[in-house]
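Presented below is the structure to which this report refers.
The values are calculated or read from the model by the stated rules, or taken from the named source; none is laboratory data. Please read all numbers here as calculations on a predicted model, not as lab measurements. Note: ideal-geometry Cβ built from the backbone for every residue, glycine included; neighbour counts use all protein chains shown. Surface accessibility is based on the protein's heavy atoms, side chains included, excluding ligands, DNA and RNA. Shrake-Rupley method; radii C 1.70, N 1.55, O 1.52, S 1.80 Å.
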Amino acid sequence: MTVVANGYVTRSKMRRVGRDVIHRWEGNPIVSLEDIPFGCNTVFNAAAVKFAGQYLLLVRVEDQQGRSIFALARSDDGYRFVVENEPVMTPAEEGEFAIYEACGIEDPRITPMDGTYYVMYTAYSHYGPRLALAKTDDFVSFERIALISEPVNKDGALFPRKVNDSYVRFDRPNVGSSGNIWISYSDDLVHWGRSEVAMTTRDDHWDCARIGASAPPIETAHGWLEIYHGVKETAAGPIYRLGVAMLELENPAHVLGRAAIPILTPREYYERVGDIPNVVFSCGAILEEATQEVKMYYGAADTCICVGTAKLDALIERCFEQEESA
Ligand code: BMA
């Protein structure tokens, strides 16, 4: 049977059991502890961007004290990366950020806008995680702009353009141990509000415990394509998987379509075994304009960075695929 949904002809069943729409690169992992030239405990995940003809990853690395910092990795092909000798961003030691970054800076997402590269990240302290924003023009020096949420909030991802004259971000306030994806708006990138819930957990799915934005959204003709992570709690601990949804361009709190099944689930050894097992967690994806292929960078088991690819069309199709009973 063929299902036609929102103009898409989809395959008849969602029974590609054991297959992910994201194709893992055969050379994974691409950044591991051995690739970091300074002392550290582990490698988590990375923001990704193309800059000055190169692929850059802003890599969350945990230092030997146990706090996260950011390192920069460069590549000419998007697969083979060299990590710079020194971290490019470490927790602030003075000023208003210091108290809120005392336990580290985590999970960066890069959004290019009007020639500036914004880094939305989690500032972690004894008071809990909250969102912060920095910017850079050269990936050498990073300037902090503001702390932009109260705790507890994580998974901030800035949209690459204004919507209805406002800056837009995803964020993820926590309510107890659960969390949904919200949208907030701002006129100046510093003061945020008009918050509304955009996507919620699904009780009967792989994303039943908490969800959060992964990469900043990709603008398509069909809406904002968002790769997000979803968590299911099990007797053996949480399983982090990645999914995809399509949101309305001029009203991004409105979900147009959402894949029922994950686009990537931990299966490989490097995704199943590490500091935190059974984790795939993305903070960055790059759309190759020429080939319309998405390179998605993701942390595996909180131990290394990997890359996987998918055609943009395949991800769009997944958003509108009809859910069928078995
Ligand atoms: C999240 C973030 C991610 C991490 C994941 C699984 O809260 O801290 O960086 O990969 O937990 O531990």
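A few notes on this one:
- Per-residue ellipticity at 222 nm, computed for the chain from helices alone with -39500 (n - 2.57) per DSSP H run of at least four residues, works out to -1000 deg cm²/dmol.
- Where Val21, Val119 fall by accessible area, highest first, once all protein chains stay in place (1.4 Å): Val21, Val119
- Normalised by 2.2 N^0.38 Å, where N counts its residues, the alpha-carbon radius of gyration of the stretch 102-222 equals 1.05.
- For the stretch 231-326, projected area of the alpha-carbon convex hull averaged over all directions, nm²: 7.7
- Taking Glu248, Glu219, Glu289 as the candidate residues, the one with maximal mean-square fluctuation in a Gaussian network model of the chain, Cα springs under 10 Å, is Glu289.
- Coil-residue GluC sites (Glu not before Pro) of the stretch 75-152, DSSP, other Cβ within 10 Å capped at 12: Glu93, Glu94, Glu96
- FRET efficiency for Glu288 and Asp138, using Cβ-Cβ distance with R0 set to 30 Å, rounded to 0.05: 0.80
- Spin-label model distance (nm) - Glu150 vs Phe51, 7 Å beyond Cα toward Cβ: 3.3
- For the pair His23 and Glu250, label points projected 7 Å from Cα toward Cβ lie 3.7 nm apart.
- Share of carbon and sulfur in the accessible heavy-atom surface of the chain [1.4 Å probe, %]: 48
- Where Asp76, Asp275, Asp138 fall by accessible area, highest first, once all protein chains stay in place (1.4 Å): Asp76, Asp275, Asp138
- Given charges at Cβ of Lys, Arg, Asp, Glu: the chain dipole, positive-most of Ala236, Val119, His191: Ala236
- Taking a point 7 Å out from the Cα of His191 in the direction of its Cβ, none of the residues of the stretch 247-262 has a backbone N less than 16 Å from it.
- Rolling a 1.4 Å probe over the heavy atoms of the protein chains gives the chain an accessible area of 42 Å² per residue.
- The relative contact order of the stretch 150-301 comes to 16 percent, based on Cα pairs under 8 Å that sit 6 or more residues apart.
- Distance between the stretch 65-102 and the stretch 260-309 - C-alpha centres, whole angstrom: 20
- Additional length obtainable on full extension of the chain from Asn164 to Asn180, 0.36 nm per residue less Cα span: 3.4 nm
- Projecting label points 7 angstrom from Cα along Cα→Cβ for Tyr269 and Tyr79 puts them 2.0 nm apart.
- Residues with amide H under 5 Å from that of Thr42, placed H, sequence gap 5 or more: Glu62
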